[in-house]
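The values are calculated or read from the model by the stated rules, or taken from the named source; none is laboratory data. Please read these numbers as outputs of a predicted model, since none were measured by experiment. Note that each Cβ is placed from the backbone with ideal geometry, even for glycine, and that neighbours are counted across all protein chains shown.
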(Lines give C-alpha, C1' and ligand atoms only; values in the text may rest on other atoms or scores of the structure.)
Protein backbone atom coordinates (compact mmCIF):
# COMPACT_ATOMS: atom_id res chain seq x y z
CA UNK A 1 0.00 0.00 0.00
CA UNK A 2 1.44 3.38 -1.01
CA UNK A 3 2.14 5.89 1.79
CA UNK A 4 -0.87 8.03 2.63
CA UNK A 5 -2.20 10.47 5.21
CA UNK A 6 -3.94 8.90 8.19
CA UNK A 7 -4.90 10.28 11.60
CA UNK A 8 -1.24 11.03 12.43
CA UNK A 9 0.37 12.31 9.24
CA UNK A 10 1.89 10.49 6.29
CA UNK A 11 2.66 6.81 6.95
CA UNK A 12 3.99 3.93 4.89
CA UNK A 13 6.51 1.14 4.56
CA UNK A 14 10.11 2.30 4.70
CA UNK A 15 10.70 0.70 1.32
CA UNK A 16 8.00 2.95 -0.14
CA UNK A 17 9.13 6.15 1.57
CA UNK A 18 11.68 6.83 -1.13
CA UNK A 19 13.85 9.93 -1.39
CA UNK A 20 11.77 11.18 -4.30
CA UNK A 21 8.47 10.67 -2.50
CA UNK A 22 9.65 12.28 0.73
CA UNK A 23 11.05 15.28 -1.09
CA UNK A 24 7.87 15.60 -3.15
CA UNK A 25 5.73 15.78 0.00
CA UNK A 26 8.05 18.25 1.72
CA UNK A 27 8.21 20.45 -1.37
CA UNK A 28 4.41 20.38 -1.69
CA UNK A 29 4.01 21.23 2.01
CA UNK A 30 6.33 24.22 1.77
CA UNK A 31 4.67 25.44 -1.42
CA UNK A 32 1.07 25.18 -0.17
CA UNK A 33 1.17 25.76 3.60
CA UNK A 34 2.58 28.58 5.76
CA UNK A 35 6.01 27.88 7.23
CA UNK A 36 7.36 31.23 8.42
CA UNK A 37 10.53 31.00 6.35
CA UNK A 38 12.09 28.07 8.20
CA UNK A 39 11.47 24.39 8.89
CA UNK A 40 12.30 22.63 12.16
CA UNK A 41 13.08 18.92 11.63
CA UNK A 42 13.07 16.20 14.28
CA UNK A 43 13.17 12.43 14.24
CA UNK A 44 12.55 9.35 16.36
CA UNK A 45 14.91 6.44 17.06
CA UNK A 46 13.87 3.96 14.36
CA UNK A 47 16.74 2.98 12.03
CA UNK A 48 15.31 4.64 8.91
CA UNK A 49 14.67 8.04 10.52
CA UNK A 50 18.12 9.68 10.11
CA UNK A 51 18.16 9.11 6.36
CA UNK A 52 14.58 10.27 5.89
CA UNK A 53 15.24 13.36 8.01
CA UNK A 54 18.21 14.12 5.76
CA UNK A 55 15.95 13.97 2.71
CA UNK A 56 13.47 16.32 4.40
CA UNK A 57 16.20 18.86 5.12
CA UNK A 58 17.62 18.63 1.60
CA UNK A 59 14.20 19.28 0.10
CA UNK A 60 13.57 22.28 2.33
CA UNK A 61 16.92 23.88 1.65
CA UNK A 62 16.51 23.27 -2.08
CA UNK A 63 13.22 25.17 -1.86
CA UNK A 64 15.04 28.14 -0.33
CA UNK A 65 13.74 27.48 3.19
CA UNK A 66 16.08 27.66 6.18
CA UNK A 67 16.34 24.44 8.20
CA UNK A 68 16.62 24.03 11.97
CA UNK A 69 17.88 20.54 12.80
CA UNK A 70 16.42 19.49 16.15
CA UNK A 71 17.86 15.97 16.04
CA UNK A 72 16.29 13.14 18.07
CA UNK A 73 13.46 14.81 19.96
CA UNK A 74 9.90 14.19 21.21
CA UNK A 75 7.23 15.36 18.78
CA UNK A 76 5.69 17.82 21.29
CA UNK A 77 9.15 19.29 22.00
CA UNK A 78 9.67 19.84 18.28
CA UNK A 79 6.25 21.51 18.00
CA UNK A 80 6.94 23.70 21.04
CA UNK A 81 10.23 24.85 19.47
CA UNK A 82 8.82 25.58 16.03
CA UNK A 83 5.69 27.33 17.30
CA UNK A 84 7.79 29.53 19.60
CA UNK A 85 9.81 30.73 16.60
CA UNK A 86 6.84 30.99 14.25
CA UNK A 87 8.11 28.29 11.91
CA UNK A 88 6.86 25.10 10.31
CA UNK A 89 8.11 21.66 11.30
CA UNK A 90 8.36 18.08 10.12
CA UNK A 91 8.74 15.16 12.50
CA UNK A 92 10.08 11.93 11.01
CA UNK A 93 8.32 9.17 12.93
CA UNK A 94 6.13 6.14 12.60
CA UNK A 95 4.99 6.62 16.21
CA UNK A 96 4.03 3.23 17.69
CA UNK A 97 4.01 1.13 14.51
CA UNK A 98 6.82 -1.36 13.68
CA UNK A 99 10.23 -0.26 12.45
CA UNK A 100 9.57 -1.44 8.90
CA UNK A 101 7.27 1.60 8.63
CA UNK A 102 7.86 5.30 9.08
CA UNK A 103 6.21 8.59 8.35
CA UNK A 104 6.12 12.39 8.40
CA UNK A 105 4.14 14.67 10.69
CA UNK A 106 3.73 18.22 9.39
CA UNK A 107 3.32 21.40 11.44
CA UNK A 108 2.47 24.94 10.36
CA UNK A 109 3.64 27.84 12.60
CA UNK A 110 0.50 27.56 14.76
CA UNK A 111 0.62 23.79 15.26
CA UNK A 112 -0.52 20.58 13.61
CA UNK A 113 -1.77 20.73 10.04
CA UNK A 114 -5.50 20.45 9.41
CA UNK A 115 -7.35 18.14 7.05
CA UNK A 116 -7.61 21.11 4.67
CA UNK A 117 -3.82 21.45 4.79
CA UNK A 118 -3.54 17.76 3.91
CA UNK A 119 -5.67 18.37 0.85
CA UNK A 120 -3.52 21.32 -0.17
CA UNK A 121 -0.36 19.22 0.18
CA UNK A 122 -1.93 16.48 -1.93
CA UNK A 123 -2.80 19.02 -4.60
CA UNK A 124 0.78 20.28 -4.69
CA UNK A 125 2.41 16.91 -5.30
CA UNK A 126 4.29 16.27 -8.52
CA UNK A 127 5.28 19.88 -9.15
CA UNK A 128 8.92 20.76 -9.70
CA UNK A 129 10.31 22.99 -6.93
CA UNK A 130 10.99 26.58 -7.87
CA UNK A 131 14.63 27.51 -8.29
CA UNK A 132 15.82 29.29 -5.17
CA UNK A 133 18.90 30.26 -3.22
CA UNK A 134 19.56 27.31 -0.90
CA UNK A 135 18.31 27.74 2.63
CA UNK A 136 20.65 27.77 5.61
CA UNK A 137 21.13 24.98 8.15
CA UNK A 138 21.54 25.29 11.90
CA UNK A 139 21.07 23.05 14.92
CA UNK A 140 19.10 23.78 18.07
CA UNK A 141 18.35 22.21 21.44
CA UNK A 142 14.58 21.78 21.34
CA UNK A 143 14.61 19.67 24.50
CA UNK A 144 15.69 22.40 26.90
CA UNK A 145 12.53 24.47 26.44
CA UNK A 146 10.34 21.39 26.69
CA UNK A 147 12.05 20.30 29.91
CA UNK A 148 11.79 23.77 31.40
CA UNK A 149 8.10 23.96 30.51
CA UNK A 150 7.27 21.34 33.13
CA UNK A 151 10.00 22.02 35.68
CA UNK A 152 8.96 25.68 35.86
CA UNK A 153 5.25 24.82 36.04
CA UNK A 154 5.36 22.08 38.69
CA UNK A 155 8.36 23.02 40.83
CA UNK A 156 11.00 21.11 42.74
CA UNK A 157 8.71 19.26 45.16
CA UNK A 158 5.71 18.22 43.00
CA UNK A 159 6.77 14.56 42.98
CA UNK A 160 8.65 14.53 46.27
CA UNK A 161 8.64 11.11 47.94
CA UNK A 162 7.56 9.24 44.80
CA UNK A 163 9.63 6.42 43.35
CA UNK A 164 8.83 6.31 39.64
CA UNK A 165 9.95 3.73 37.11
CA UNK A 166 10.79 4.99 33.61
CA UNK A 167 10.20 2.34 30.95
CA UNK A 168 12.70 3.77 28.50
CA UNK A 169 12.60 1.24 25.60
CA UNK A 170 13.25 3.28 22.43
CA UNK A 171 11.16 6.34 23.27
CA UNK A 172 12.66 9.67 22.24
CA UNK A 173 11.55 10.97 25.67
CA UNK A 174 13.41 8.29 27.63
CA UNK A 175 16.07 10.66 28.97
CA UNK A 176 13.96 13.78 29.45
CA UNK A 177 11.43 11.77 31.49
CA UNK A 178 14.20 10.86 33.94
CA UNK A 179 15.44 14.45 34.07
CA UNK A 180 11.98 15.93 34.71
CA UNK A 181 10.98 13.39 37.36
CA UNK A 182 14.20 14.09 39.28
CA UNK A 183 13.84 17.87 38.83
CA UNK A 184 10.36 17.66 40.38
CA UNK A 185 11.70 15.85 43.45
CA UNK A 186 10.89 12.27 42.49
CA UNK A 187 13.25 9.31 42.41
CA UNK A 188 13.58 7.97 38.87
CA UNK A 189 14.35 4.30 38.21
CA UNK A 190 15.43 3.74 34.60
CA UNK A 191 14.13 0.46 33.15
CA UNK A 192 14.68 -1.60 29.97
CA UNK A 193 16.51 0.86 27.76
CA UNK A 194 16.82 -0.62 24.26
CA UNK A 195 19.20 0.20 21.44
CA UNK A 196 16.86 -1.46 18.94
CA UNK A 197 13.46 0.02 18.12
CA UNK A 198 10.51 -1.37 20.08
CA UNK A 199 7.05 -0.43 18.74
CA UNK A 200 5.16 0.32 21.98
CA UNK A 201 1.48 1.07 21.43
CA UNK A 202 0.42 2.68 24.70
CA UNK A 203 -3.24 2.20 23.81
CA UNK A 204 -2.94 -1.55 23.28
CA UNK A 205 -0.17 -2.97 25.45
CA UNK A 206 0.39 -6.70 25.06
CA UNK A 207 0.03 -9.05 28.08
CA UNK A 208 3.80 -9.56 28.31
CA UNK A 209 4.39 -5.81 28.72
CA UNK A 210 1.66 -5.57 31.36
CA UNK A 211 3.24 -8.43 33.31
CA UNK A 212 6.61 -6.72 33.01
CA UNK A 213 5.20 -3.51 34.50
CA UNK A 214 3.73 -5.38 37.47
CA UNK A 215 7.02 -7.19 38.00
CA UNK A 216 8.99 -3.94 38.04
CA UNK A 217 6.62 -2.38 40.57
CA UNK A 218 7.06 -5.30 42.94
CA UNK A 219 10.81 -5.64 42.42
CA UNK A 220 11.68 -1.96 42.78
CA UNK A 221 8.93 -0.78 45.16
CA UNK A 222 7.60 1.73 42.66
CA UNK A 223 4.73 4.17 43.13
CA UNK A 224 4.20 4.29 39.35
CA UNK A 225 5.76 3.40 36.00
CA UNK A 226 5.70 5.89 33.15
CA UNK A 227 6.57 5.71 29.47
CA UNK A 228 5.49 6.91 26.03
CA UNK A 229 5.13 5.64 22.49
CA UNK A 230 8.03 5.99 20.05
CA UNK A 231 7.75 9.71 19.33
CA UNK A 232 6.39 10.69 22.76
CA UNK A 233 3.05 12.22 21.93
CA UNK A 234 1.15 9.50 23.86
CA UNK A 235 1.64 8.75 27.57
CA UNK A 236 1.70 5.47 29.46
CA UNK A 237 1.17 5.45 33.21
CA UNK A 238 0.82 2.41 35.48
CA UNK A 239 0.01 2.54 39.20
CA UNK A 240 1.93 0.88 42.04
CA UNK A 241 0.50 -2.53 41.13
CA UNK A 242 1.52 -2.18 37.48
CA UNK A 243 -2.05 -1.66 36.32
CA UNK A 244 -2.15 0.75 33.38
CA UNK A 245 -4.31 3.85 33.72
CA UNK A 246 -6.11 4.31 30.38
CA UNK A 247 -5.25 7.41 28.36
CA UNK A 248 -8.75 8.84 28.54
CA UNK A 249 -8.66 8.55 32.34
CA UNK A 250 -5.33 10.39 32.38
CA UNK A 251 -6.98 13.00 30.14
CA UNK A 252 -9.89 13.52 32.52
CA UNK A 253 -7.60 13.75 35.56
CA UNK A 254 -5.33 16.22 33.77
CA UNK A 255 -8.24 18.37 32.62
CA UNK A 256 -9.56 18.54 36.18
CA UNK A 257 -6.14 19.29 37.65
CA UNK A 258 -5.64 22.18 35.22
CA UNK A 259 -9.07 23.69 35.91
CA UNK A 260 -10.49 23.15 32.41
CA UNK A 261 -14.17 23.85 31.77
CA UNK A 262 -14.50 22.47 28.22
CA UNK A 263 -13.27 19.13 26.87
CA UNK A 264 -12.98 18.17 23.21
CA UNK A 265 -12.38 14.46 22.78
CA UNK A 266 -13.23 11.67 20.31
CA UNK A 267 -16.30 9.47 20.60
CA UNK A 268 -14.06 6.59 21.70
CA UNK A 269 -13.09 8.29 24.98
CA UNK A 270 -14.55 7.31 28.34
CA UNK A 271 -18.02 8.79 28.94
CA UNK A 272 -17.43 9.24 32.68
CA UNK A 273 -16.58 12.92 32.03
CA UNK A 274 -20.31 13.54 31.52
CA UNK A 275 -20.80 12.60 35.19
CA UNK A 276 -17.99 14.82 36.49
CA UNK A 277 -19.16 18.22 37.81
CA UNK A 278 -15.88 19.89 36.80
CA UNK A 279 -16.78 20.38 33.12
CA UNK A 280 -19.50 22.56 31.61
CA UNK A 281 -19.20 21.40 28.01
CA UNK A 282 -18.02 18.25 26.24
CA UNK A 283 -17.65 18.17 22.45
CA UNK A 284 -17.23 14.73 20.84
CA UNK A 285 -15.25 14.34 17.60
CA UNK A 286 -13.96 11.81 15.14
CA UNK A 287 -10.77 10.01 16.16
CA UNK A 288 -7.54 11.87 15.38
CA UNK A 289 -5.86 15.01 16.69
CA UNK A 290 -6.86 17.14 13.64
CA UNK A 291 -10.52 16.67 14.58
CA UNK A 292 -9.88 17.42 18.25
CA UNK A 293 -7.92 20.54 17.34
CA UNK A 294 -10.68 21.72 14.98
CA UNK A 295 -13.22 21.35 17.80
CA UNK A 296 -10.96 23.24 20.22
CA UNK A 297 -10.44 26.03 17.71
CA UNK A 298 -14.22 26.30 17.23
CA UNK A 299 -14.66 26.67 20.99
CA UNK A 300 -11.96 29.36 21.14
CA UNK A 301 -13.53 31.17 18.17
CA UNK A 302 -16.73 31.45 20.21
CA UNK A 303 -14.91 32.46 23.39
CA UNK A 304 -11.22 33.34 23.27
CA UNK A 305 -11.03 32.94 27.05
CA UNK A 306 -12.47 29.43 27.14
CA UNK A 307 -10.60 27.03 29.40
CA UNK A 308 -10.59 24.29 26.79
CA UNK A 309 -8.49 21.14 26.54
CA UNK A 310 -8.50 18.16 24.25
CA UNK A 311 -7.32 14.60 24.54
CA UNK A 312 -7.61 11.30 22.74
CA UNK A 313 -8.32 7.83 24.11
CA UNK A 314 -4.60 7.15 23.74
CA UNK A 315 -3.88 9.93 26.25
CA UNK A 316 -2.27 12.49 23.92
CA UNK A 317 -3.21 15.80 25.58
CA UNK A 318 -3.74 19.25 24.03
CA UNK A 319 -3.86 22.43 26.10
CA UNK A 320 -5.88 25.32 24.71
CA UNK A 321 -5.47 27.95 27.44
CA UNK A 322 -2.86 29.30 29.84
CA UNK A 323 -3.20 27.10 32.92
CA UNK A 324 -1.80 27.65 36.40
CA UNK A 325 0.46 24.96 37.83
CA UNK A 326 1.75 24.60 41.39
CA UNK A 327 4.82 26.73 40.61
CA UNK A 328 4.05 28.68 37.45
CA UNK A 329 1.92 29.25 34.38
CA UNK A 330 1.69 26.70 31.57
CA UNK A 331 1.26 28.15 28.08
CA UNK A 332 -1.13 26.58 25.53
CA UNK A 333 0.18 23.83 23.27
CA UNK A 334 -2.24 22.62 20.59
CA UNK A 335 -0.52 19.36 19.79
CA UNK A 336 -0.58 15.98 21.48
CA UNK A 337 1.75 15.87 24.44
CA UNK A 338 2.87 12.97 26.64
CA UNK A 339 4.49 14.67 29.65
CA UNK A 340 1.55 16.78 30.81
CA UNK A 341 -0.90 13.84 31.22
CA UNK A 342 1.87 11.92 33.01
CA UNK A 343 2.85 14.66 35.45
CA UNK A 344 -0.52 16.29 36.20
CA UNK A 345 -2.20 13.17 37.69
CA UNK A 346 0.92 12.15 39.64
CA UNK A 347 1.33 15.66 41.04
CA UNK A 348 -2.39 15.87 41.87
CA UNK A 349 -2.25 12.57 43.75
CA UNK A 350 0.86 13.64 45.65
CA UNK A 351 -0.70 16.98 46.56
CA UNK A 352 -3.84 15.23 47.86
CA UNK A 353 -1.78 12.73 49.85
CA UNK A 354 -3.19 9.88 47.78
CA UNK A 355 -1.77 7.07 45.70
CA UNK A 356 -2.48 7.15 41.97
CA UNK A 357 -4.77 4.16 42.50
CA UNK A 358 -6.83 6.11 45.05
CA UNK A 359 -7.02 9.15 42.77
CA UNK A 360 -8.38 7.04 39.89
CA UNK A 361 -10.81 5.21 42.21
CA UNK A 362 -12.49 8.53 42.99
CA UNK A 363 -13.72 8.93 39.41
CA UNK A 364 -17.16 7.79 38.19
CA UNK A 365 -17.11 3.98 37.67
CA UNK A 366 -16.88 3.71 33.90
CA UNK A 367 -14.05 1.67 32.41
CA UNK A 368 -12.64 1.43 28.92
CA UNK A 369 -10.40 -1.06 27.14
CA UNK A 370 -8.89 -1.13 23.68
CA UNK A 371 -6.82 -3.41 21.48
CA UNK A 372 -6.28 -4.21 17.81
CA UNK A 373 -5.63 -6.99 15.35
CA UNK A 374 -3.07 -6.45 12.62
CA UNK A 375 -2.89 -7.68 9.07
CA UNK A 376 -6.42 -6.81 7.97
CA UNK A 377 -6.44 -4.61 4.86
CA UNK A 378 -8.20 -1.30 5.35
CA UNK A 379 -10.61 -1.96 2.47
CA UNK A 380 -11.72 -5.22 4.13
CA UNK A 381 -12.30 -3.45 7.45
CA UNK A 382 -14.23 -0.64 5.80
CA UNK A 383 -16.42 -3.07 3.87
CA UNK A 384 -17.30 -4.86 7.12
CA UNK A 385 -18.18 -1.59 8.85
CA UNK A 386 -20.35 -0.56 5.87
CA UNK A 387 -22.23 -3.86 6.00
CA UNK A 388 -22.85 -3.62 9.75
CA UNK A 389 -24.00 -0.02 9.44
CA UNK A 390 -26.81 -0.68 6.97
CA UNK A 391 -27.88 -4.19 7.99
CA UNK A 392 -29.47 -4.18 11.45
CA UNK A 393 -30.03 -7.93 11.38
CA UNK A 394 -26.39 -8.64 10.57
CA UNK A 395 -25.37 -6.25 13.33
CA UNK A 396 -27.66 -7.95 15.85
CA UNK A 397 -26.23 -11.35 14.92
CA UNK A 398 -22.63 -10.20 15.25
CA UNK A 399 -23.26 -8.55 18.64
CA UNK A 400 -25.64 -11.27 19.92
CA UNK A 401 -23.57 -11.87 23.07
CA UNK A 402 -24.17 -8.29 24.21
CA UNK A 403 -27.94 -8.24 23.93
CA UNK A 404 -30.24 -5.63 22.46
CA UNK A 405 -28.94 -2.45 20.86
CA UNK A 406 -29.89 0.87 22.48
CA UNK A 407 -28.03 3.33 20.25
CA UNK A 408 -25.78 3.47 17.19
CA UNK A 409 -23.11 6.13 16.61
CA UNK A 410 -21.37 6.30 13.23
CA UNK A 411 -19.27 9.40 13.89
CA UNK A 412 -16.12 7.34 13.34
CA UNK A 413 -16.51 3.65 12.64
CA UNK A 414 -19.31 1.73 14.36
CA UNK A 415 -20.06 2.47 18.01
CA UNK A 416 -22.89 0.43 19.51
CA UNK A 417 -24.41 1.08 22.93
CA UNK A 418 -26.42 -1.81 24.36
CA UNK A 419 -29.37 -1.77 26.79
CA UNK A 420 -26.97 -3.04 29.45
CA UNK A 421 -25.04 0.24 29.18
CA UNK A 422 -22.03 -1.53 27.70
CA UNK A 423 -20.40 -0.08 24.58
CA UNK A 424 -18.44 -1.69 21.73
CA UNK A 425 -16.74 0.51 19.13
CA UNK A 426 -15.15 -0.96 16.00
CA UNK A 427 -12.96 1.10 13.72
CA UNK A 428 -10.34 0.51 11.01
CA UNK A 429 -7.01 2.19 11.79
CA UNK A 430 -6.42 5.41 9.86
CA UNK A 431 -2.75 4.72 9.19
CA UNK A 432 -2.07 0.96 9.25
CA UNK A 433 -3.73 -2.32 8.19
CA UNK A 434 -5.25 -2.80 11.63
CA UNK A 435 -8.74 -3.15 13.05
CA UNK A 436 -9.25 -1.50 16.46
CA UNK A 437 -11.83 -2.33 19.08
CA UNK A 438 -12.79 -0.08 21.98
CA UNK A 439 -15.18 -1.08 24.76
CA UNK A 440 -16.73 0.56 27.81
CA UNK A 441 -18.53 -0.95 30.77
CA UNK A 442 -19.22 -0.53 34.48
CA UNK A 443 -16.35 -2.86 35.39
CA UNK A 444 -12.82 -2.98 33.99
CA UNK A 445 -12.82 -6.74 33.49
CA UNK A 446 -16.09 -6.53 31.55
CA UNK A 447 -14.64 -3.92 29.17
CA UNK A 448 -11.53 -6.06 28.67
CA UNK A 449 -13.65 -9.15 28.02
CA UNK A 450 -15.71 -7.28 25.43
CA UNK A 451 -12.56 -6.30 23.54
CA UNK A 452 -11.26 -9.88 23.60
CA UNK A 453 -14.59 -11.30 22.48
CA UNK A 454 -15.11 -9.00 19.54
CA UNK A 455 -11.53 -8.99 18.31
CA UNK A 456 -11.70 -12.79 18.25
CA UNK A 457 -14.93 -12.61 16.27
CA UNK A 458 -13.41 -10.12 13.84
CA UNK A 459 -10.38 -12.33 13.35
CA UNK A 460 -12.59 -15.35 12.64
CA UNK A 461 -14.76 -13.33 10.27
CA UNK A 462 -12.14 -11.31 8.40
CA UNK A 463 -8.87 -13.18 8.94
CA UNK A 464 -5.56 -11.66 9.92
CA UNK A 465 -1.97 -12.17 8.94
Exactly one of 128, 132 is in a loop (DSSP other than H, G, I, E, B) and free of Cβ contacts under 8 Å to residues at least 40 places away in the same chain, and that residue is 128
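From the list 171, 144, exactly one residue is under 19 Å from residue 79 (Cα atoms) and assigned to a loop (DSSP other than H, G, I, E, B). Which is it?
Numbers: 144 fails: assigned to a loop (DSSP other than H, G, I, E, B).
Within the list 171, 144, the selection yields 171.
Can you tell which of 428, 433 is under 17 Å from residue 313 (Cα atoms), touching a residue at least 40 places away in the same chain (Cβ under 8 Å) and touching a helix residue (DSSP H, G or I) at 6+ places or on another chain (Cβ under 7 Å)?
Details: 433 fails: under 17 Å from residue 313 (Cα atoms).
Only one candidate qualifies: 428.
Results for (1) under 22 Å from the mean Cα position of the chain (by Cα); (2) assigned to a loop (DSSP other than H, G, I, E, B); (3) surrounded by 13 or more Cβ atoms within 10 Å (Cβ to Cβ), shown as yes or no for each residue.
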site: 179; (1), (2), (3): yes, no, yes
site: 182; (1), (2), (3): no, no, yes
site: 188; (1), (2), (3): no, no, yes
site: 200; (1), (2), (3): yes, yes, yes
site: 209; (1), (2), (3): yes, no, yes
site: 215; (1), (2), (3): no, no, no
site: 218; (1), (2), (3): no, no, no
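Return a yes/no flag: does region 28-43 have any residue that is in a helix (DSSP H, G or I), closer than 21 Å to residue 70 by Cα and modelled with pLDDT of 95 or more. Don't jump to the end; show me each part of the working.
Step one: filter region 28-43 for residues in a helix (DSSP H, G or I), giving 28-32.
Remaining after also requiring closer than 21 Å to residue 70 by Cα: 29-30.
Pick out the ones that are also modelled with pLDDT of 95 or more and you get 29-30.
Yes, there is a match, as at least one residue in region 28-43 is in a helix (DSSP H, G or I), closer than 21 Å to residue 70 by Cα and modelled with pLDDT of 95 or more.
Here is a list: 240, 232, 204, 294. Which entry is buried (at least 23 other Cβ atoms within 10 Å of the Cβ) and in contact (Cβ under 8 Å) with a residue 60 or more places away in the chain?
Details: 240 fails: buried (at least 23 other Cβ atoms within 10 Å of the Cβ); 204 fails: buried (at least 23 other Cβ atoms within 10 Å of the Cβ); 294 fails: buried (at least 23 other Cβ atoms within 10 Å of the Cβ).
Answer to the check: 232.
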Members of region 73-100 found to be over 22 Å from residue 314 (Cβ atoms) and either outside the structural domain of residue 18 (by TED's automatic domain parsing) or not in a helix (DSSP H, G or I) (or both), listed by number: 86, 87, 88
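Does residue 423 count as farther than 30 Å from residue 225 by Cα and touching a residue at least 12 places away in the same chain (Cβ under 8 Å)?
On the way: farther than 30 Å from residue 225 by Cα: no; touching a residue at least 12 places away in the same chain (Cβ under 8 Å): yes.
Answer is no for this residue.
Can you name every residue in region 94-105 that is surrounded by 19 or more Cβ atoms within 10 Å (Cβ to Cβ) and out of contact with any strand residue (DSSP E or B) (no Cβ under 6 Å at 6 or more places or on another chain)? Before you say what the answer is, go through the steps one by one.
As a first pass, look at region 94-105 and keep what is surrounded by 19 or more Cβ atoms within 10 Å (Cβ to Cβ): 94-97, 99, 101-105.
Scanning region 94-105 gives 95, 96, 97, 99, 102.
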Could you tell me whether any residue of region 362-378 is free of Cβ contacts under 8 Å to residues at least 60 places away in the same chain, surrounded by fewer than 15 Cβ atoms within 10 Å (Cβ to Cβ) and closer than 17 Å to residue 247 by Cα? yes
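Looking at region 42-50, can you tell me whether even one residue there is without any contact (Cβ under 8 Å) to a residue 40 or more places away in the chain and surrounded by fewer than 22 Cβ atoms within 10 Å (Cβ to Cβ)?
Filtering region 42-50 down to residues without any contact (Cβ under 8 Å) to a residue 40 or more places away in the chain leaves 50.
With the extra rule that they be surrounded by fewer than 22 Cβ atoms within 10 Å (Cβ to Cβ), the set shrinks to 50.
Scanning region 42-50 turns up at least one residue that is without any contact (Cβ under 8 Å) to a residue 40 or more places away in the chain and surrounded by fewer than 22 Cβ atoms within 10 Å (Cβ to Cβ).
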Of the residues in region 247-259, those that are touching a strand residue (DSSP E or B) at 6+ places or on another chain (Cβ under 6 Å) and surrounded by fewer than 24 Cβ atoms within 10 Å (Cβ to Cβ) come to 258
Residue 103 fails exactly one of (1) in a strand (DSSP E or B); (2) in contact with a helix residue (DSSP H, G or I) (Cβ under 8 Å, 6 or more places away or on another chain), namely (2)
From the list 202, 133, pick out the single residue that is closer than 30 Å to residue 38 by Cα and either in contact with a strand residue (DSSP E or B) (Cβ under 8 Å, 6 or more places away or on another chain) or in the same structural domain as residue 82 (by TED's automatic domain parsing) (or both). 133
